[in-house]
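Here is the structure we will look at.
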Amino acid sequence: FSDSSLEDHTELHFPSLAGDITQKGYEKKRSKLIGAYLPQPPRVDQALPQERRAPVTPSSASRYHRRRSSGSRDERYRSDVHTEAVQAALAKHKERKMAVPMPSKRRSLVVQTSMDAYTPPDTSSGSEDEGSVQGDSQGTPTSSQGSINMEHWISQAIHGSTTSTTSSSSTQSGGSGAAHRLADVMAQTHIENHSAPPDVTTYTSEHSIQVERPQGSTGSRTAPKYGNAELMETGDGVPVSSRVSAKIQQLVNTLKRPKRPPLREFFVDDFEELLEVQQPDPNQPKPEGAQMLAMRGEQLGVVTNWPPSLEAALQRWGTISPKAPCLTTMDTNGKPLYILTYGKLWTRSMKVAYSILHKLGTKQEPMVRPGDRVALVFPNNDPAAFMAAFYGCLLAEVVPVPIEVPLTRKDAGSQQIGFLLGSCGVTVALTSDACHKGLPKSPTGEIPQFKGWPKLLWFVTESKHLSKPPRDWFPHIKDANNDTAYIEYKTCKDGSVLGVTVTRTALLTHCQALTQACGYTEAETIVNVLDFKKDVGLWHGILTSVMNMMHVISIPYSLMKVNPLSWIQKVCQYKAKVACVKSRDMHWALVAHRDQRDINLSSLRMLIVADGANPWSISSCDAFLNVFQSKGLRQEVICPCASSPEALTVAIRRCGVGLLGQHPPGRGVLSMHGLTYGVIRVDSEEKLSVLTVQDVGLVMPGAIMCSVKPDGVPQLCRTDEIGELCVCAVATGTSYYGLSGMTKNTFEVFPMTSSGAPISEYPFIRTGLLGFVGPGGLVFVVGKMDGLMVVSGRRHNADDIVATALAVEPMKFVYRGRIAVFSVTVLHDERIVIVAEQRPDSTEEDSFQWMSRVLQAIDSIHQVGVYCLALVPANTLPKTPLGGIHLSETKQLFLEGSLHPCNVLMCPHTCVTNLPKPRQKQPEIGPASVMVGNLVSGKRIAQASGRDLGQIEDNDQARKFLFLSEVLQWRAQTTPDHILYTLLNCRGAIANSLTCVQLHKRAEKIAVMLMERGHLQDGDHVALVYPPGIDLIAAFYGCLYAGCVPITVRPPHPQNIATTLPTVKMIVEVSRSACLMTTQLICKLLRSREAAAAVDVRTWPLILDTDDLPKKRPAQICKPCNPDTLAYLDFSVSTTGMLAGVKMSHAATSAFCRSIKLQCELYPSREVAICLDPYCGLGFVLWCLCSVYSGHQSILIPPSELETNPALWLLAVSQYKVRDTFCSYSVMELCTKGLGSQTESLKARGLDLSRVRTCVVVAEERPRIALTQSFSKLFKDLGLHPRAVSTSFGCRVNLAICLQGTSGPDPTTVYVDMRALRHDRVRLVERGSPHSLPLMESGKILPGVRIIIANPETKGPLGDSHLGEIWVHSAHNASGYFTIYGDESLQSDHFNSRLSFGDTQTIWARTGYLGFLRRTELTDANGERHDALYVVGALDEAMELRGMRYHPIDIETSVIRAHKSVTECAVFTWTNLLVVVVELDGSEQEALDLVPLVTNVVLEEHYLIVGVVVVVDIGVIPINSRGEKQRMHLRDGFLADQLDPIYVAYNM
C-alpha cells in the first residue's frame, strides 16, 4: 500500500469512530477518504462497491496468509513474517558466497571448557530485565523453541483487527478481507510512486478530511516546470525551481569543478584533512503531514467514595473488612505460601511506621524523621514483607526507595544504585529476615559496605522484630499532598541510576486513572507476574489494588522459571479477572503449553501486557491469542500498555467494555526505511523491511499527550512523523531526585508549534518513548529513546536489530534473550555492536556462519552495517537483577577490552563510510616553480651543514696519516702502554684489555696467519665471525696489516642455529669472502651437526681459528697504494629484510673517525663506555676504529651481557666516571624495563650518573622519544641530566650523519600534525593538540657533512620545514653498495645523485629517509643559527594507503596504547590490506578483546580500516640487533603461516 497512509488505513478499520457501523457508513467513509486520490469522473465512485464486494478467493488470501492447520504444533505460532523476510533477504545473498576467510584460532582457545561445565544461562526475550525458564534448554524440544521465537512480524495484511472470533485455523480473517478490498481500490486508481502527504492528524468523527493537493492532479509528484526551468540546488542542498539561462548554467557547472590551487597554496601549509560528512540522501522520505494536535484523554471522573489518600484507603479496608484477602504469595511449587489480609497489612504497616520513627536512634536524636529517604531491599519472592514496609513508610511519612537485593559486593550496576542511595541521603535499609540472612557477610558477621554504597543500618521488618505501637500512638493520615511519596529508580542508557520522585498527589491520581482506565472494582482478583518493586507491577499489584481492595495473586520469578504456565493455572484456579504480564511470560506459556485440558481463561477481562511499548511484543500477543482463543481467551482482553519511569503509565488499551464503548485495536505496518528517517510510511513495495506495530491504547484519563522532535527544541511533530511522546498530567513523576538540570530537560518541557509558541502553559514530561498518536487518539510506540542509535543520520532501534538477529535461526547458536545491541562512537559516528551469548555446543564454523548471516540480514532489512558482532561463552554477560542483560555494563566491558568473546566478526569496511577521500596526487609541480615559490614566500631552501673540516685548527696528530693501520703503528711506538680497550664481563669485572702495543703485536701475528695459512692476496675479503670483544678488534687490524678487506659478521646463536646461521652464510657468500676467521668455539659450531642441518657446511671457505696464533712477525705491513681503495665492507640487514653491504674506503674511514673525534672532543685522556653491537654502522666504528684514531680508552660492554645483569652498563659508566657513553635502543629498553623498580637499591650501591654529559643512542630510525624520555625520567634520581640523553642518525649511504656532540645546543623537540604528515606536509602544532606527533631532533650534524632536503620524485630542492628525502654529501659517505649482481643503476642513484634544479653540480647520496630541516632560534658553537634535522621515517618502510603515506611506527604507537595487554605491535600491508600483529601479554582469553580495540584506535587516529588483526605470543615479532622491528620477516612469516597465532581476525 505504498499509496495509502497509515491514517487512511486505520480510519477504515475504525467504523466506531465514524459513528456508523453499517456497510453504507463504511462505504461513505471509504469513498470520502479515497476520493481525493481518484481521477475526477464520478462514475468510478458507483463502481466501487461492487469492486469491493468481490469475494476474497482463497488463493488471493493466501498471498498474505500461510494457511494454518491446528494439527502441527511447530507451525502454529509461526505467524511471523519477519522470519520469512529475514530468510528471503538471506536467500538473496546466497548466490554470492561470502569471500571472507574464517578467523583462525588456536586450539587452546577453542576448547575453552567442557560441555558439562556450562549451566544454561537465563534466557529471555526481553532486552531489559528478564531471566528465563529454568528448563529452557533441557525440558522443551528445540523444534518448538525454534518455531516460536520467530514470532515477530505478523502478516502485513491484517492491518485492522480481526472482527470475527472464528478459530485461528479459518483461512479468511476479517482484516485480510478488508485489506484485500483496499488493495483492489488501490489497483483501480493507478497512483504512481508517491503517496499524498499522509495526514495522521487526530480528529473526531465530525472533522472532514482535507487532503492538501491541487484538484485534478494525479498522485505522481513531479516538480512543476516553468519554461526551461531546471531543478537547481542552493548551497545547502535545497532544491529551487527558477529560470536559469544556459550561460548561468554553464557558470554553475564550472564552479562545481575542483579548482587547481594557486601556486602559493603549495607553500602555505593551510591543509586540513576533512572527514566525509554524510550528505543527506536527496530521495530520503520527509514528513509531509500537517502539524499534530495535542491529544486529550477522557476526563478523570471523580467517584464519591474514592479515598482522599492511599493510606486512608488502607485504613478503611483494614478496619471495615480486615478479613478480606489482599495478597496471596506462592512458593516455588505453586502452592499458596501465605495470605495477607487487609487487617494484617494495616496492623503490620502501623508497626513498621512506629518502629521506623521511634525505635531507630534515641528519643532525642531519632535516625529517621518524616520526609527522610529509606531503602527497601526485598527479594522478588516476598511481596508481603515489601508491601508492609512500603505502606509502613507511607504511614510514617518517610520516603521509600525500593531497590534490588545486592547479591555480591560488585554486582553489575549495584555501584550505581549505591550512588543513588548516597545522593538521596539514605542511612537505613529495611529488609526481610531471609534477605538479611542471605546478604554477604564479613567474618565478624557484619554486612560489608557494598562498592559505592553509603553506610547503612539494616533493619528487619518482620513482625517478631517489631514492637507493638502503644495504644495512644496513631499514624497521622492526611489527604494526599505534594510531599514525595516514593522514589522509583531508573537505569539510564549509560548505566547511571536516577531516582524519579513521585508525590502523594501523583500517586493517588495515578491509582485513580488506572482504576478508571482498567475499570477496576472492589474485591476483584488480579494475578501479577511482574516485579512488584517498580513500574507496572508496583502500580497495579501494590498501589491500585489497595485503593480498590483487590486481591493480588503474586507469582514470583523463581516459580515462573520452574513452571512457566503457573500464572495461567492461577488465573483458572482463582477465576482472576485481570493478569499483569510481560510478553516473555506469554511466550514462555506458549513454549510450555502442552494441550492442558483444564485451562479456561474465560474469567479474564483484561490481560495487561506491561511491555506493550516494545513493538516486538505484538508477536507474543498474537501467538498467545492464537493458541488460547480455544481456551476461552477473548481477543479484546489483551491490553498492551506503555509506561516510563518518568511519566508512569503513558497509555493503556481499554478492556472490552470501557466507558467509551468498544475500541477495536489498531495496527500499522510501517516501512522500516521510513522509520529510520523518523517518518511514518505505510509499507512500500519492499515487503521485507517492515515493522508491524499495535496500538497501546488511549491516552490516560486526565492527561494530554503530544509528540515532539527527539532532539533540539521540543517542536511538535507533524502527523506522519515519529517523535518522543510527551505527557502533561498530574499522575507523573516530578523530578530526578537531586538533579535539577536533568529534571528541567525531562520534566519541564514546553512543546512548541512551528511558529515557536508554546502549546500549553503547563509543562510536559518526556516519556522516553518514540512513537506517534494515530487516528482516534490511539497511541503507537515504535521504540525507546534509550535504544536509539543514530548511524550516519538514520535512526535505528536496538530492539529491531535484536529481532532481526533472532530471526536468523538463533536457537541453535545463541540464547534467545541473551543478545545485547548498543552503539559505540568511532570516528565521529555511532557504530552498531551486537553481543550474544553462544551455546556451548555450537561449533566454530556454525557460529561464524550464523554471524555472517546475521550481518547480511541486518544489512538487507535495516540497510545499516554492523560494526562488530561478538559471541561470548554462555552465562558470561553481566546480568540485571532479574536476569536480563545489563547493557551499559556490557558496553563498558566491550570498550575496556574485558568482555572476553569467543568469536568476533568486525565489518569496518562495510560500515565506515565517512573516511576522508583517498588523496589524489596533484600533478607534480616542477622543481623550478618550487624554487620560485619558496623565494616568493620568503622561505629559505632547506640545507644545513656541520662544521667545515678544513677550517678547524686542532692538534690532531692522526691527521698526518692516511690509513688507520699507520695510526696504530704510530701509537704502538709513541705510547705503547696506553690502554685503548677494556672489555667487561657480566659481573662488571675486567675480562680483557689491550694497550697500543699489545693490539699492534696481535694484529701482526694475525696478518702472518692470513698470509701463510690462508695464502691470501692483497685485497682478498675476510669474514670475521667473533662475539663482541677484543679478538674482533685484533682480527680487524690483522686484516688491514695483511692488506685484506675485513667484513664483521655476527656469530650464529648457539641456541638458535637454524635461523641465525643462514644469515652468516649469506653474508659470507655475498661478500665473496676467501677466508673466515673466528674463535675455536665458533669454529666447532660452524661444523656441528646442527649447522649441517641448517646450511651446506661443505661450501664454507677456509676457516681459520685465531685462538692459537703463529709466534712470528710479518716481513712487512701492507700499505694501501691509494686512500680510495677499500678498507672494509659493512653489511647489515635493513628493517625491510634486505641485506645491504656498503664499501668504506680508507679515506672515508679516516674522515669518519676524525669527524667523530671533533664532534665528541675525544682525546687519549678520555674514557668512553660503549654498549653496542660491533657489527655494522656507527656501532662498529665506535667499537673498533675510534679508539685507535683518537687514542681514548673504550670500555666495551657486550649488550648480550645485560640480559643476565641489566645494571652492568650503568654501573660501569658510574664506576669509571665516564663522561660519554653510547648505547642502542634495545639496551635502553632493557634498562628501562629491567631496572624500573631498582633505582633505590642502585642508589644505595653508589650508582651515580651525574658525570655523564652525553649518552647517545645509536640508531638508523626516527628517534624513539617516548623511550628516551622514560629513560631520562627513570634515572634522573641517579644524577642523569635529561639533556645528556640524545640520539644519532645514520643509514646505509652514510653511517653517521648526526651525532649529539659535547658542544652545541640541546636537542629540540617539535610537534607536527600527523594528518599533514600523511600528505607529505609538515605542519607544526602546539604540544597536546589533537593528532600531534612529537619529533626529536636526531643530534647535531657531524663536521664535514652537508645535508639538503629533496623531493624524492622530482629531485628538486625543498624549502625549510618541508618534508622530503634527506640527501647527504660528506667525505665519509660510503662509496657504493657491494653486490654480486652489479646493479649499477641503483648504485648511481643512491650514491651519486644530483639535484634537478639549483645546485646541480654537487654529488649527493640519498639516505632513503624522509625528514625535514628547520632553522631554530638557537645558535651553534660557531655563532650561526642552528639548523635541526628531524627524521620522520624510511621511505621503503612507509606504507601507501588510500593515497597517503603512513609510517608503521605511528600506527604501532596507537595500537600499543589501546589495551594494557598489548606489549608490542607491528604493522605491514598485504594486498592493500593493513595487517596489525599484536603481542599479547595476558591470558589467551583476552586475545579477541583486542580485535575491536585495535580496529577502533586505528580508525580514530589514522583514518584507516584494519584488514587483519593477528594476536601472537610475546617475542614473535622479530627484532634486529639495533632493536628495530623486522616487519618484512614478520610479513613473510604471516604469509607462510609460521607465526602460530593465538587468533587471526579478518575484518570485513
- prompt: So how far apart, in nm, are the two label points at VAL790 and LEU1473 if each is 7 Å from Cα heading toward Cβ?
  reply: 3.5 nm
statement: For LEU1126 the rounded accessible area (nearest 10 Å², probe 1.4 Å, non-protein molecules ignored) is 50 Å²
- request: Quote to one decimal, in nm, the extra length available between THR974 and SER1483 on full extension: 0.36 nm per residue of separation minus the C-alpha distance between them.
  value: 176.9 nm
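Assuming R0 = 45 Å, can you tell me the calculated FRET efficiency for the pair THR753 and THR910, based on Cβ-Cβ distance, to the nearest 0.05?
0.60
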- prompt: What's log10 of I(q)/I(0) for the stretch 360-434 at q = 0.13, 0.16 Å⁻¹, Debye sum over Cα points only, no solvent?
  reply: -0.41, -0.61
message: Given R₀ = 30 Å, what would the calculated FRET efficiency be for SER760 paired with ILE320, taking r from the Cβ atoms and rounding to 0.05?
response: 0.15
field: Three-way shape label, the stretch 1055-1105, alpha-carbon gyration tensor, a/c 1.5
entry: oblate
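Relative contact order, percent, of the stretch 1438-1548 when contacts are C-alpha pairs under 8 Å separated by at least 6 residues?
Values: 177 pairs, mean separation 26.3, N = 111.
With pairs under 8 Å counted, the relative contact order is 24 percent.
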query: Using alpha carbon centroids, what distance separates the stretch 443-461 and the stretch 1191-1219, in Å?
result: 59 Å
- prompt: In the structure shown, do any of LYS323/LYS344; LYS493/LYS784; LYS464/LYS534; LYS437/LYS561; LYS437/LYS879 have a Cα-Cα gap over 18 Å, and if so which?
  reply: LYS464/LYS534; LYS437/LYS561; LYS437/LYS879
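Once fully extended, how much extra length lies between ARG1251 and THR1059, figured as 0.36 nm per residue of separation less the alpha-carbon to alpha-carbon distance?
That works out to 65.0 nm of additional length.
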- line: Straight-line reach check, LYS1217, cutoff 28 Å on alpha carbons, 8 or more apart in-chain or any other chain, hits among lysines -> LYS1157, LYS1233, LYS1243, LYS1273, LYS1276, LYS1340
- request: Go through 1235-1245, 514-524, 617-627 and give me the packing order, highest mean Cβ count within 10 Å leading.
  value: 617-627, 514-524, 1235-1245
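If packing is taken as the average count of other Cβ atoms within 10 Å, what order do 1470-1476, 499-505 fall into, highest mean first? Each step should come with its number before you reach the end.
Numbers: 1470-1476: 16.7, 499-505: 22.6.
Top of the packing list down: 499-505, 1470-1476.
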Euclidean distance of C-alpha centroids, the stretch 1484-1548 and the stretch 1252-1304, integer Å: 29 Å
With every protein chain in place, the stretch 1003-1116: carbon and sulfur % of accessible area (1.4 Å): 52 percent
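What number do you get for the stretch 1279-1337 when its Cα radius of gyration is normalised by 2.2 N^0.38 Å, N = residues? Don't skip to the end; give the middle numbers.
Working: Rg = 14.4 Å, N = 59, 2.2 N^0.38 = 10.4 Å.
For the stretch 1279-1337, the normalised Cα radius of gyration is 1.39.
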task: Assuming R0 = 51 Å, can you tell me the calculated FRET efficiency for the pair ALA1536 and THR332, based on Cβ-Cβ distance, to the nearest 0.05?
output: 0.25
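Regarding the stretch 291-358, what whole-number volume in Å³ per residue does the convex hull of its Cα atoms give?
Working: hull volume 15.3 nm³, N = 68.
Each residue corresponds to 225 Å³ of Cα convex hull volume.
What percentage of all Cα-Cα pairs in the stretch 777-916 are separated by more than 18 Å? Before the final figure, lay out the partial values.
Values: 5239 of 9730 pairs.
It works out to 54 percent of all Cα pairs.
Under the Kirkwood approximation applied to all pairs of distinct alpha-carbon atoms, what is the hydrodynamic radius of the stretch 1284-1431 in Å?
Working: mean 1/r = 0.0616 Å⁻¹.
One decimal place: 16.2 Å for the Kirkwood radius.
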- prompt: Which cross-chain or sequence-distant (5 or more) residues have an amide H under 5 Å from the amide H of TRP1100, H modelled 1.01 Å from N in plane?
  reply: none
- request: Step through the residues of the stretch 638-646 one at a time and calculate ³J(HN,Hα) from phi using the Karplus curve (6.51 cos²θ - 1.76 cosθ + 1.60, θ = phi - 60°), rounding each to whole Hz and writing x for Gly and Pro.
  value: 6, 10, x, 10, 10, 9, 8, x, 7
Total charge dipole magnitude, the stretch 1194-1338, about the Cα centre, Cβ charges on Lys, Arg, Asp, Glu only, Debye to nearest 20: 260 debye
Distance between modelled label sites at GLN1116 and ASP711, nm, 7 Å Cα→Cβ extension: 8.9 nm
task: Quickly work out the GLU462-to-ALA88 label distance, labels modelled 7 Å from Cα along the C-beta direction, and quote it in nm with one decimal.
output: 6.0 nm
- request: Between the alpha-carbon centers of the stretch 783-857 and the stretch 991-1033, tell me the distance in whole angstrom.
  value: 71 Å
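Which of rounded, prolate or oblate describes the stretch 492-598 when judged by the alpha-carbon gyration tensor and an a/c cut-off of 1.5? Could the numbers behind the result be given before it?
Values: a/c = 2.76, a/b = 1.33, b/c = 2.08.
In terms of gyration-tensor shape, oblate.
The values are calculated or read from the model by the stated rules, or taken from the named source; none is laboratory data. Here the structure is a predicted model, which is why all the values come from computation and not from measurement. Cβ atoms come from the backbone with ideal geometry, glycine included; neighbour counts cover every protein chain shown. In case anyone asks, the SASA skips ligands and DNA or RNA and just uses the protein heavy atoms, side chains included. Shrake-Rupley method; radii C 1.70, N 1.55, O 1.52, S 1.80 Å.
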